[in-house]
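**Student:** Handing you this structure, nothing more for now.
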Amino acid sequence: MIVSLLLKKLRDAVADLTPIVLVIAFFQIVVLRQHLPQVEELLTGSLLVVAGLALFVQGLEMGLFPLGESMARALAAKGSLFWLLVFAFALGFSTTVAEPALIAVAAEAARVAGQEGLIDPGAASLEQYALGLRMSVAFSVGLAILIGVLRIIRGWPVHYLIIGGYAVVMLMTIFAPKEIVGIAYDAGGVTTSTITVPLVTALGVGLASVIRGRSPLVDGFGLIAFASLLPMIFVMGYGMLVFG
Amino acid sequence: MVAGFVNNFASILMATSRDVLPIILLVFAFQLFVLRRPIPHLRRVVLGGVYVVLGLTLFLLGLEKALFPLGRIMAAQLSDPAFIHGAGESAAVADWSAYGWVYLFAAMIGFATTIAEPSLIAVAYKAHEVSAGTISQWGLRITVALGVAFGISLGTFRIVSGTPLYMYILVGYLVVIVQTMFAPKSIVALAYDSGGVTTSTVTVPLVAALGLGLAATVPGRNPALDGFGLIAFASLFPIISVMGYAQITSLRAKYTGKRQGDE
């Protein structure tokens, strides 16, 4: 029983990986007409990826999904909106503020801004600029999860909020300094790590299934969307503030 | 070789554990001070958490060891002027039609990496469970992957042709807004989420390498300005493809329903 479950997980993981291997092999052999270098490395690497994916999915089912759902249930049962919103904000802020991808993007953005002469290219001012960017993004993700949770509770339709958000992004794109726009768009993408996504999804779906009158499908999703939308607005706002 | 492997493993494990740390602290603090009751099946949950961290570590280690280096080399080779124009020739102005293999590579690698994206696997799993099976995991993942494939392919075309990023994004958002008004309401939130999850561990490193490589070799492009923005394409087009798929299925259902009613 356990063995057959494990085999199924491994088979799924192989299916997940196959397209990448096929694409690389096709271009290497047919288009670039080169032999595959380091076949051994490629094979061990693929085995590690397959084992890792299988383990990850097993861990999702056992750990992250139940954790997100039980937190949602416990917080809903406590009945305190305040603590639920505090939890939502803290979850978004704390998982984002020290995210390595975000630190890298912020440092890169500071370097580019220093080169272009937008800010003082001294180390202290670069660091302050990068920290400011990181804080804006982390704060906006916290706020995004908070708004998203509030939306699930109140039952606001997601599309009005998102369309409103996109309208703001489009307006700000026109007025924001050109140098910040690309970074702002990318900041929306790097905010949610592979561990945060399942937890936040389980939280939203869990809340929507314990609150009466909410459908998990219609109301439970959407938290990630807010978490990728708000950082764009905040980073562009930060750019307008700093570059004046 | 073995020592290097162990070193790599340890450093990725540290990085992944660091991602979990704020979650552990937050949940622990809430259980202790606010909720004051234990998490059900605590041992199972903790074991699951260990699996997630270990699994992700092995996954990233495997990617970094084998697939990323090769992907980066190939992105560089495909965007190399010698490959595109033939050895010995060079062009002062980029001719967008000479880059056919690049667009194809962008589309295929975008599709393939999205299929292996762990965050998307998690969201598809939940969507399948919550929709009582009407949304199939593979159906959603393939639709999202097609969106990413088209988005990244268009993104490389933008870099080659040098057209401004914000024009594409503005038009894309307009399409999303119009679609939102007409798409079935049950798919809207999921479609938006699909846009956000496509760009994490697998897609970003390969796609960024392709973007920067192109911007560095295409004549007249500046890597600092033109290399970015592929990520934005990769998160915009899945929203369009997921809503589009839902629209097509619901229109089809309406059409066949009507026809059966007429007969």
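The values are calculated or read from the model by the stated rules, or taken from the named source; none is laboratory data. Owing to the predicted nature of the structure, the values given are computational and were not obtained by experimental measurement. Cβ atoms come from the backbone with ideal geometry, glycine included; neighbour counts cover every protein chain shown.
**Student:** If you go through segment A:85-102 one residue at a time, how many are at the interface with chain B (Cβ under 10 Å from one of its Cβ atoms), touching a residue at least 60 places away in the same chain (Cβ under 8 Å) and part of a helix (DSSP H, G or I)? Spell out how you get there, then give the answer.
**Tutor:** We begin by selecting, within segment A:85-102, every residue at the interface with chain B (Cβ under 10 Å from one of its Cβ atoms); these are A:86-87, A:90-91, A:93-101.
Then drop every residue that is not touching a residue at least 60 places away in the same chain (Cβ under 8 Å), which leaves A:91, A:95-96, A:99, A:101.
With part of a helix (DSSP H, G or I) added as a condition, the list becomes A:91, A:95-96, A:101.
Summing the residues that are at the interface with chain B (Cβ under 10 Å from one of its Cβ atoms), touching a residue at least 60 places away in the same chain (Cβ under 8 Å) and part of a helix (DSSP H, G or I) in segment A:85-102 gives 4.
**Student:** Going through B:ILE142, B:ILE159, B:ILE187, B:ILE135 one at a time, which residue ends up being over 20 Å from A:VAL205 (Cβ atoms), free of Cβ contacts under 8 Å to residues at least 60 places away in the same chain, assigned by TED's automatic domain parsing to the domain that holds B:LYS254 and not small (Gly, Ala, Ser)? Before the answer, list the steps.
**Tutor:** Numbers: B:ILE159 fails: free of Cβ contacts under 8 Å to residues at least 60 places away in the same chain; B:ILE187 fails: over 20 Å from A:VAL205 (Cβ atoms); B:ILE135 fails: over 20 Å from A:VAL205 (Cβ atoms).
Result of the check over B:ILE142, B:ILE159, B:ILE187, B:ILE135: B:ILE142.
**Student:** Which members of segment B:190-205 meet the condition of being of a type outside the set (Val, Ile, Thr) and modelled with pLDDT under 75?
**Tutor:** Filtering segment B:190-205 for residues of a type outside the set (Val, Ile, Thr) gives B:190-196, B:200, B:205.
Answer for segment B:190-205, where residues must be of a type outside the set (Val, Ile, Thr) and modelled with pLDDT under 75: B:SER200, B:PRO205.
**Student:** What's the total number of residues in segment B:91-131 that are more than 9 Å from chain A (Cβ to nearest Cβ), within 26 Å of A:PHE56 (Cα to Cα) and not in a helix (DSSP H, G or I)?
**Tutor:** Total meeting the criteria: 0.
**Student:** Name the residue, out of B:ILE152, B:ILE142, that is under 27 Å from A:VAL50 (Cβ atoms), surrounded by fewer than 20 Cβ atoms within 10 Å (Cβ to Cβ) and at pLDDT 90 or above. First the steps, then the outcome.
**Tutor:** Working: B:ILE152 fails: surrounded by fewer than 20 Cβ atoms within 10 Å (Cβ to Cβ).
The conditions single out B:ILE142.
**Student:** May I pose another question? Step by step: first the residues of segment B:63-75, then only those that are buried (at least 23 other Cβ atoms within 10 Å of the Cβ) and more than 14 Å from B:THR203 (Cβ to Cβ), then the one that is nearest to the other protein chains (Cβ to nearest Cβ). Which residue is that?
**Tutor:** Looking at the filtered set, the residue picked out is B:ALA66.
**Student:** Only one of these is polar (S, T, N, Q), closer than 30 Å to A:ARG212 by Cβ and without any contact (Cβ under 8 Å) to a residue 40 or more places away in the chain: A:SER80, A:SER125. Name it. Talk me through it step by step, then tell me what you get.
**Tutor:** Working: A:SER125 fails: closer than 30 Å to A:ARG212 by Cβ.
That would be A:SER80, the only listed residue that is polar (S, T, N, Q), closer than 30 Å to A:ARG212 by Cβ and without any contact (Cβ under 8 Å) to a residue 40 or more places away in the chain.
**Student:** Which residue pairs have Cβ atoms under 7 Å apart, sit 6 or more places apart or on different chains, and have a first residue in segment B:17-28 that is within 10 Å of A:ALA90 (Cα to Cα) and a second that is in a helix (DSSP H, G or I) and among the small types (Gly, Ala, Ser)?
**Tutor:** Going by the 7 Å Cβ cut-off, the qualifying pairs are B:PRO22/A:SER94; B:LEU26/A:ALA90; B:LEU26/A:SER94.
**Student:** Going by what's in this entry, would A:PHE26 be described as surrounded by fewer than 19 Cβ atoms within 10 Å (Cβ to Cβ) and at the interface with chain B (Cβ under 8 Å from one of its Cβ atoms)? Spell out how you get there, then give the answer.
**Tutor:** Details: surrounded by fewer than 19 Cβ atoms within 10 Å (Cβ to Cβ): yes; at the interface with chain B (Cβ under 8 Å from one of its Cβ atoms): yes.
Yes.
**Student:** May I ask you to verify whether B:GLY151 is part of a loop (DSSP other than H, G, I, E, B) and of a type outside the set (Lys, Arg)? Reasoning before the result, please.
**Tutor:** On the way: part of a loop (DSSP other than H, G, I, E, B): no; of a type outside the set (Lys, Arg): yes.
No, not satisfied.
**Student:** Among the candidates A:GLY188, A:GLY164, A:GLY148, single out the residue that is farther than 24 Å from A:GLY206 by Cα, of a type in the set (Gly, Ala, Ser) and in contact with a helix residue (DSSP H, G or I) (Cβ under 8 Å, 6 or more places away or on another chain). Give the steps one after another, and end with the answer.
**Tutor:** On the way: A:GLY164 fails: in contact with a helix residue (DSSP H, G or I) (Cβ under 8 Å, 6 or more places away or on another chain); A:GLY148 fails: farther than 24 Å from A:GLY206 by Cα.
Residue meeting the stated conditions: A:GLY188.
**Student:** Next question, about the same structure. Please list, ordered by first then second residue, the pairs with beta carbon atoms under 6 Å, 6 or more apart or interchain, first in segment A:152-165 and aromatic (Phe, Trp, Tyr), second surrounded by fewer than 21 Cβ atoms within 10 Å (Cβ to Cβ).
**Tutor:** none
**Student:** Related question: Residue under question is B:LEU146, and the condition is that it be under 19 Å from the mean Cα position of the chain (by Cα) and either at the interface with chain A (Cβ under 9 Å from one of its Cβ atoms) or not in a helix (DSSP H, G or I) (or both); does it hold? Can you show your working first?
**Tutor:** Details: under 19 Å from the mean Cα position of the chain (by Cα): yes; either at the interface with chain A (Cβ under 9 Å from one of its Cβ atoms) or not in a helix (DSSP H, G or I) (or both): no.
No: the conditions fail for B:LEU146.
**Student:** For A:ILE147, are the conditions met, namely being without any contact (Cβ under 8 Å) to a residue 12 or more places away in the chain, under 29 Å from A:GLY213 (Cβ atoms), in a helix (DSSP H, G or I) and of a type in the set (A, V, I, L, M, F, W, C)? First the steps, then the outcome.
**Tutor:** On the way: without any contact (Cβ under 8 Å) to a residue 12 or more places away in the chain: no; under 29 Å from A:GLY213 (Cβ atoms): yes; in a helix (DSSP H, G or I): yes; of a type in the set (A, V, I, L, M, F, W, C): yes.
So A:ILE147 does not fit the description; no.
**Student:** Filter segment B:166-211 for residues that are buried (at least 20 other Cβ atoms within 10 Å of the Cβ), in a loop (DSSP other than H, G, I, E, B) and among the hydroxyl-bearing types (Ser, Thr, Tyr) and give the result.
**Tutor:** Residues satisfying the conditions are B:THR198, B:THR199, B:SER200.
**Student:** While we're here: Applying the selection to segment A:159-212, what residues are surrounded by fewer than 24 Cβ atoms within 10 Å (Cβ to Cβ) and of a type in the set (Asp, Glu)?
**Tutor:** Hit for segment A:159-212 is A:GLU179, nothing else.
**Student:** Now, a different point. If you scan segment A:113-131, which residues turn out to be in a helix (DSSP H, G or I) and buried (at least 16 other Cβ atoms within 10 Å of the Cβ)?
**Tutor:** To start, the set of residues in segment A:113-131 that are in a helix (DSSP H, G or I) comprises A:113-115, A:123-131.
Residues satisfying the conditions are A:ALA113, A:GLY114, A:LEU126, A:TYR129, A:ALA130.
**Student:** Would you mind stating whether A:VAL105 is at the interface with chain B (Cβ under 10 Å from one of its Cβ atoms), assigned to a helix (DSSP H, G or I) and in contact (Cβ under 8 Å) with a residue 24 or more places away in the chain? Give the derivation first.
**Tutor:** Values: at the interface with chain B (Cβ under 10 Å from one of its Cβ atoms): yes; assigned to a helix (DSSP H, G or I): yes; in contact (Cβ under 8 Å) with a residue 24 or more places away in the chain: yes.
Considered against the rule, which asks whether it is at the interface with chain B (Cβ under 10 Å from one of its Cβ atoms), assigned to a helix (DSSP H, G or I) and in contact (Cβ under 8 Å) with a residue 24 or more places away in the chain, A:VAL105 comes out as yes.
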